[in-house]
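To start, the structure under review is shown below, and the notes come after it.
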Amino acid sequence: MSYAANFERMGRGFDLAHAIAEADRCLLCHDAPCSKGCPAETDPGAFIRKLRFKNITGAIRTIKTNNILGGACGVLCPTPRLCEKECSARFQSLARPQGADRPIQIGKIQRFLIEHSWEQGSEVFDKPEPRPAKIAVVGSGPAGLSCAAELARDGYQVTVFEARPEPGGVLRYGVVSYRFDLQFLRREMEDIQALGVNFQCNSAIQGKESAERLLKNGYGAVFLAPGLWAAATLKPTPEDIEGLFSSVVYLAALRDGRLAEMARRIQGRTVAVIGGGSVAMDCIESAVKLGARDVYLIYRRSYRQMPAEPDERIEAQEAGVHFLLLNQPVDYVTTDHNRLQGVKLVRTRLGEPDDSGRRRPEPIAGSTWVLEADVVIEAIGNRAPEESPEWYPHVKVNGQKLIQADPASGKTSAAGIFAGGDIVRGPALVVQAVQDGKVAARAIKAYLDQ
């Protein structure tokens, strides 16, 4: 049986009538709190107001001007805890904490407007006057794309260097198709390429002083946004265990032509996913769609402490996933030929809060047990490659090898080198990476104009 159909396309968004009806619920706040709730300054208060008054072209232009990845953010952003949380339509008060109405569905309106612009062939940006300065962007994830687009709109010659065969970063290789399909990404990429951005794929900027070398090769500035593609793991050499995958490898396989191969590994087997964030939710739900016999989510804290969005957790439970909470993996059980047989777990209890503000999981002595599993997917975070500081030796990094950059400008300790996205923040939201790219682009323009 083929499970490819489960991964083909994400669900349909709003149509015109639905989007206008939702926009008509807007209270037209003078100082829209929803706009303040958007980390990328997409300004939902402005584009919803324009849609309400049937200025659809103006609404589209507002989104694309403020956020070149407005479509991706409309689909992937956790809007209930960002812009929609601030929506005045909720009428929340101390006397009515649950609110009197529901917030405007801002993300769905935003997605509709971008898709409508593609259907209508809307051209948002005028062709800029070309500038002689060349800028290198390392990485084509949300931060790199955002920075490249902002600079190209002002006429700068921007080249994006991408290590993988296709551009898109985490949007291309880290999100399952039923949440964000490749056709949608291609249309968003076409908008960026139309600005004149040049992409060089299969072009990793790695090796000693490779980033600084770009400055010597004629680029006036460099923006580093390579993302975090090294996976955290329980074992020092996880690739030696057959049946053990990192979320990076697993999710990429579902997007780069290896879906059938992964389906053969998953179908009819017991799968365990370690982690409690949105990436873990993608892994468990996709394993269900691939026909796993049983899927377990292993998380060392409690249900309420999981960083995944509430709707993601509920969807996973409705899909039949077994949640093993307050259990911490400590090792794997394998055959003599290093074939995975199970996960060794220890039960935990919650102690005092740690640096994250959540109560720390503490192992319970004598509670070790083994969960039998054929496949395990580790979704316990990503990190910078061990050798990455050698690629930009004059750029300061912290103990986790994340680049230290000024959050107000993206400037690093090396003149002409800026940085943003996960390589600075650690794993974060797409919308935050988009804003990092915008902030750095402004600083790069000021730097080149000196």
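The values are calculated or read from the model by the stated rules, or taken from the named source; none is laboratory data. Since the structure is predicted, the reported quantities are computational estimates derived from the model, not experimental observations. Virtual Cβ from ideal backbone geometry, glycine too; neighbours counted across all protein chains shown.
So the values come out like this:
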{"quantity": "Residues of region 116-149 classified as surrounded by 20 or more Cβ atoms within 10 Å (Cβ to Cβ), in contact (Cβ under 8 Å) with a residue 60 or more places away in the chain and in a helix (DSSP H, G or I), total", "calculated": "9"}
{"quantity": "Options R187, R213; residue that is of a type in the set (D, E, K, R) and in contact with a Phe, Trp or Tyr (Cβ under 6 Å, 6 or more places away or on another chain)", "calculated": "R187"}
{"quantity": "Which numbered condition R258 misses (of (1) touching a residue at least 12 places away in the same chain (Cβ under 8 Å); (2) over 21 Å from L324 (Cβ atoms); (3) not small (G, A, S))", "calculated": "(1)"}
{"quantity": "Helices (runs of 4 or more DSSP H) lying entirely in region 1-95 (those with 3 or more residues that are out of contact with any helix residue (DSSP H, G or I) (no Cβ under 7 Å at 6 or more places or on another chain), at pLDDT 95 or above and farther than 30 Å from A292 by Cβ)", "calculated": "16-23, 56-66"}
{"quantity": "Flag if L195 is outside the structural domain of I377 (by TED's automatic domain parsing), touching a helix residue (DSSP H, G or I) at 6+ places or on another chain (Cβ under 8 Å) and either free of Cβ contacts under 8 Å to residues at least 40 places away in the same chain or assigned to a loop (DSSP other than H, G, I, E, B) (or both)", "calculated": "yes"}
{"quantity": "Elements of type strands (runs of 3 or more DSSP E) contained in region 253-327, each with 1 or more residues being surrounded by fewer than 16 Cβ atoms within 10 Å (Cβ to Cβ)", "calculated": "322-325"}
{"quantity": "Any strands (runs of 3 or more DSSP E) falling wholly within region 328-422 and containing at least 1 residues that are surrounded by fewer than 19 Cβ atoms within 10 Å (Cβ to Cβ) and on the phi < 0 side of the Ramachandran plot", "calculated": "340-353, 359-372"}
